[in-house]
1. Being of a type in the set (V, I, T) and part of a helix (DSSP H, G or I) is the filter here, so list the residues in segment 124-148 that pass it.
2. Which of the residues spanning segment 16-55 are more than 26 Å from L199 (Cβ to Cβ) and either part of a strand (DSSP E or B) or in contact with a Gly (Cβ under 8 Å, 6 or more places away or on another chain) (or both)?
3. Within segment 134-144, which residues are of a type outside the set (S, T, N, Q) and surrounded by 20 or more Cβ atoms within 10 Å (Cβ to Cβ)?
4. Filter segment 105-164 down to the residues that are more than 15 Å from the chain's Cα centre (by Cα) and of a type in the set (V, I, T), then identify the one that is nearest to M190 (Cα to Cα).
5. Of the conditions (1) surrounded by 14 or more Cβ atoms within 10 Å (Cβ to Cβ); (2) in contact with a strand residue (DSSP E or B) (Cβ under 7 Å, 6 or more places away or on another chain), M56 clears all except one; give me its number.
6. Being among the acidic types (D, E), surrounded by fewer than 19 Cβ atoms within 10 Å (Cβ to Cβ) and modelled with pLDDT under 90 narrows it down to one of D223, D155, D175, so name that one.
7. Do you know which residues across segment 112-133 are surrounded by 18 or more Cβ atoms within 10 Å (Cβ to Cβ), over 19 Å from A172 (Cα atoms) and touching a residue at least 60 places away in the same chain (Cβ under 8 Å)?
8. Of all residues in segment 149-182, count the ones that are of a type in the set (S, T, Y) and assigned to a helix (DSSP H, G or I).
Amino acid sequence: MTRLARHYVPDQPQHVILQGLTGPAFLDEGDYLYFLACLADAARVADLAVHAWVLMPGAVQFLVTPSYESSVAMAMQAVGRRYVETFNRRHGRRGTMWRGGYRATVIEPDRYFLLASQIIDHAPVRSNLVDEPGKYRWSSYSHHIGLRVDSFIKDHPLYRALGNTPFERNEAYRDLGAQSPDQLEVEKLMQSTLNGWVLGSAEYCEWAARTANRRLMPLLLRDRPPRTRTTRAFAHAG
């Protein structure tokens, strides 16, 4: 099925993937630290709330909420350009290191936000880089369980709702991640993001398409009989 163009729905979170082209995107600790510095600066300038992140040798993933339609594109372009220039200079490389542009899609917060955050934080385990997410330094997992504070992260309301205190939230998030996310859910998120399909219930997808005033689902799904139940409640879900 055809990949859809990137889209934006106000106040709704997005899952973002930036894939490496050839070779690892990070060769030493300095690369990881510099990428995070670039991300923090770009997110601030673009007014992009970063909720979860992971830096892998071949790809990076983020869970974000853009304030404006251009927020994600502005941040990703700034990070990619600035990081590649410095990476190439440090390591004597030339050319781009990313496979095309970034991929992104809107996700239904109530159903998928915490799951997407867990999928991102557990990516190093699925890739056999570590056997526990807390052993991998270059993800937001340690922030979410209270072992570290990532100053550029803006905790989402659904994360804050896990508990009344930071300790309660940390423990609840740790409990959620006691087992790695189901592989079918991982594949569903990745397929949606790589193809630009909004991820959510049928009602949410229909609401998001009306809000964005464009098609956000594969034609096969779009051609299902329309639902009649109201989706007004999704308007402030993010």
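1. Filtering segment 124-148 for residues of a type in the set (V, I, T) gives 125, 130, 145.
Result: V125, single match.
2. The answer is P24, and nothing else.
3. Start the filter on segment 134-144 by keeping residues that are of a type outside the set (S, T, N, Q), which leaves 134-138, 141, 143-144.
Selection gives Y136, W138, Y141, H143, H144.
4. Top of the filtered list is V125.
5. Against the list (1) surrounded by 14 or more Cβ atoms within 10 Å (Cβ to Cβ); (2) in contact with a strand residue (DSSP E or B) (Cβ under 7 Å, 6 or more places away or on another chain), M56 comes up short only on (2).
6. Details: D155 fails: modelled with pLDDT under 90; D175 fails: modelled with pLDDT under 90.
D223 is the lone residue from the list that is among the acidic types (D, E), surrounded by fewer than 19 Cβ atoms within 10 Å (Cβ to Cβ) and modelled with pLDDT under 90.
7. The initial filter retains those residues of segment 112-133 that are surrounded by 18 or more Cβ atoms within 10 Å (Cβ to Cβ), namely 112-125, 133.
After this cut, where a residue has to be over 19 Å from A172 (Cα atoms) as well, the list is 123-125.
Those that are surrounded by 18 or more Cβ atoms within 10 Å (Cβ to Cβ), over 19 Å from A172 (Cα atoms) and touching a residue at least 60 places away in the same chain (Cβ under 8 Å): A123, P124.
8. Of all residues in segment 149-182, those of a type in the set (S, T, Y) come to 151, 159, 165, 173, 180.
Okay, now just the ones that are also assigned to a helix (DSSP H, G or I), so 159, 173.
Qualifying residue count, segment 149-182: 2.
The values are calculated or read from the model by the stated rules, or taken from the named source; none is laboratory data. Just so it is clear, the model here is predicted, and its values are computed rather than measured. Every residue, glycine as well, gets a Cβ built from its backbone with ideal geometry; the counts of neighbours run over all protein chains shown.
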